[in-house]
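Enquirer: Supplied in structure tokens, the structure appears directly below.
The values are calculated or read from the model by the stated rules, or taken from the named source; none is laboratory data. For clarity, every value in this text was computed on a predicted model and none was experimentally measured. For neighbour counting, all protein chains shown are included, and Cβ atoms are generated from backbone atoms with ideal geometry for every residue, glycine included. Remember, those area values only see protein heavy atoms, side chains included, never the ligands or the DNA or RNA. Shrake-Rupley method; radii C 1.70, N 1.55, O 1.52, S 1.80 Å.
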Amino acid sequence: MEGREDLERETLGRRNRRDTLIVTVVFLALVGTAFLGVKLINPGYSREPYQRTMFVLEDYVTITAYGKDQARVEGAVDEAFRELQRLDNVFDRYDPESELSRLNDAAAREAVPVSEDLWKVIATGVEIYRESEGAFDITVGPLVDLWDVLGRGARGEPPPGDAEVAAALKLVGSDKLELDEAAHTVRFLQPGVVIDVGGLAKGYALDRAAEILQSRGVRSGYISMISTDLTLGEKPGSAGGPLWRIGILDPRGEDYLATLLLPGETYVSTSGDYQRFFEYQGVRYHHILDPRTGYPARGVVSVTVVGGDDGARSDAFSTAVFVMGYPQGLEWVKSRGLECLLVDASGEVHYTEGMRALLEGIKETTTP
């Protein structure tokens, strides 16, 4: 009797395990079919957004891209970063193998043919030099090397002396460049000239990355190069769109000065004395140099420029406005159809009328 009960329990156990297995197989089949249905309806099923960050062009670049086709979006972002790395090899003057380094080494001896990328950046820089009456200058290289802001800060050294600044200043001026548009050649009219395109190369690269993303089907995204950004298309409604929300840092605080509400295809460029600097005997010496005086520009601590249809010009304009100061810089950029927010050395916030309409929750003053 006891053996029979044991046999019945064992048989019942086998039936339960068999029934459980059948239910499990059916459930997994249904789930698989449902998932396959999703894949068929939406072959690129993905998690949005796809975001990637890389250190390139002397800064951290982040690309955020929306799109349902995961493989396509990732491929587009990867290709965009490959283009940024290629351009880094063109514009990095601290790399002896870069095209710009080779130009700086040879152009005082002879006219040097340059690539389309380098030509466009140099030609744009010279245009803005003229428009800004020297407030923006790509030949600022000798001054950049002399001040060596991050290096001096790390070594605890004082700022350069007046005589050193005066000597470097003699090598600065885009009027010392001879450009042949037909041949795409550049020649230096004076030995010791050094081109530094750090003030607009990221903006140029921004456009090239955006072109790749759009050509690969990315219709919505955001490219951030810290100092220069671009919105692409409308932000998806599921992500809080259609406007993009971009914070403007408080130059003397730890939070935001304001939030920008922007549509797609909008450039934002920022220049500030808080990004790269050193302090000596209570004085801040930052990396935004006035090419007309040879010293760090004074009177402004932060500038944000919004608008335009060219990344390189947007990038350069924020620097030019910073150097010009208030009110000249604000009026200058306004005359070019762009919007601007400027924080002066006293902490007062100034902005164009059109800029006010783009701002949310703005502080009217900040700590000097």
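Enquirer: Got at least one residue in the range 288-301 being under 15 Å from E131 (Cα atoms), in a helix (DSSP H, G or I), open to solvent by 10 Å² or more (accessible area, probe 1.4 Å) and modelled with pLDDT of 95 or more?
Expert: So far as the range 288-301 goes, no, none of its residues is under 15 Å from E131 (Cα atoms), in a helix (DSSP H, G or I), open to solvent by 10 Å² or more (accessible area, probe 1.4 Å) and modelled with pLDDT of 95 or more.
Enquirer: For the range 76-128, which positions are crowded, with 22+ Cβ neighbours inside 10 Å and either at pLDDT below 95 or over 17 Å from L200 (Cβ atoms) (or both)?
Expert: If the condition is that a residue be crowded, with 22+ Cβ neighbours inside 10 Å and either at pLDDT below 95 or over 17 Å from L200 (Cβ atoms) (or both), then A76, V77, A80, A107 are the ones that fit.
Enquirer: Here's something else I'd like to know. Go through the range 82-116 residue by residue and tally those that are more than 15 Å from L179 (Cβ to Cβ) and not in a helix (DSSP H, G or I).
Expert: 8
Enquirer: Could you say which residue among G308, G337 is open to solvent by 10 Å² or more (accessible area, probe 1.4 Å), in a loop (DSSP other than H, G, I, E, B), without any contact (Cβ under 8 Å) to a residue 40 or more places away in the chain and farther than 14 Å from A135 by Cβ?
Expert: Result: G337 is the single residue among G308, G337 that is open to solvent by 10 Å² or more (accessible area, probe 1.4 Å), in a loop (DSSP other than H, G, I, E, B), without any contact (Cβ under 8 Å) to a residue 40 or more places away in the chain and farther than 14 Å from A135 by Cβ.
Enquirer: Is it true that G247 is under 30 Å from R219 (Cβ atoms), small (G, A, S) and without any contact (Cβ under 8 Å) to a residue 12 or more places away in the chain?
Expert: Considered against the rule, which asks whether it is under 30 Å from R219 (Cβ atoms), small (G, A, S) and without any contact (Cβ under 8 Å) to a residue 12 or more places away in the chain, G247 comes out as no.
Enquirer: Looking only at the range 220-235, filter to residues that are modelled with pLDDT of 95 or more, in contact with an Asp or Glu (Cβ under 9 Å, 6 or more places away or on another chain) and of a type outside the set (A, V, I, L, M, F, W, C); which one of those is surrounded by the fewest Cβ atoms within 10 Å (Cβ to Cβ)?
Expert: Result: G233.
Enquirer: Given the options V121, V73, name the one that is touching a Ser or Thr at 6+ places or on another chain (Cβ under 9 Å), in a helix (DSSP H, G or I) and not hydroxyl-bearing (S, T, Y).
Expert: One residue alone meets the criteria, V73.
Enquirer: Which members of the range 176-205 meet the condition of being touching a residue at least 40 places away in the same chain (Cβ under 8 Å), out of contact with any strand residue (DSSP E or B) (no Cβ under 7 Å at 6 or more places or on another chain) and open to solvent by 60 Å² or more (accessible area, probe 1.4 Å)?
Expert: The answer is D180, E181, P191.
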